[in-house]
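Reviewing the structure listed below.
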Amino acid sequence: MSMNQGYTGMAAPPNPRRIAAYFGLAALGALTGLAGALVQAGWFPGGLVLALLGAAAVFYGGRVATGTAIGAGAAAVGWLVAVILLTATRPEGDFVFGAGTGSYVFLLGGMAAAVICATVRKVPRPEPDSARPGK
């Protein structure tokens, strides 16, 4: 008899692998935010599209990998923390984001992608015999 038997939902003890996955997704989200901040302005407008697609892929991948909305949320939190830290000006007056349309589209588009990926109703799963129709 396993220790997890009889536990459901929030009453279940925390799974160390899932917690590690959430921290890994947060780190991956932060790296995606950093890369997106640099790429979106450097190769405008293609870099902006690439940065938003990369962020959406990490958010949705977190959702699929963990099977929970928290997976997308963990990646989104990492992304948001990195992006917010990069928007702050330094004492020398340097900053990564300039005041322009591309920066605002990156910020708002990334947040919209995070919300969409976290609120997807159900992750589609292929049928077991979908590769062999008619069998």
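Only one residue in GLY62, GLY67 is out of contact with any strand residue (DSSP E or B) (no Cβ under 6 Å at 6 or more places or on another chain), crowded, with 24+ Cβ neighbours inside 10 Å and touching a residue at least 24 places away in the same chain (Cβ under 8 Å). Which one?
Answer to the check: GLY62.
Can you tell which of VAL83, VAL105, VAL115, VAL77 is part of a helix (DSSP H, G or I), open to solvent by less than 30 Å² (accessible area, probe 1.4 Å) and at pLDDT 80 or above?
VAL83
How many of the residues in region 20-59 are open to solvent by 70 Å² or more (accessible area, probe 1.4 Å) and farther than 18 Å from ALA82 by Cα? If you could, list the steps in order and put the result at the bottom.
Restricting attention to region 20-59, the residues satisfying the condition of being open to solvent by 70 Å² or more (accessible area, probe 1.4 Å) are 23, 28, 31, 34, 38, 43-45, 49-50, 53.
The next check asks that each one be farther than 18 Å from ALA82 by Cα; those that pass are 43-45, 49.
Matching residues across region 20-59 total 4.
The values are calculated or read from the model by the stated rules, or taken from the named source; none is laboratory data. Just so we're clear, the structure is a prediction, and the values are computed from it rather than from any experiment. Note: ideal-geometry Cβ built from the backbone for every residue, glycine included; neighbour counts use all protein chains shown. For accessibility, only protein heavy atoms count, side chains too; no ligands or nucleic acids. Shrake-Rupley method; radii C 1.70, N 1.55, O 1.52, S 1.80 Å.
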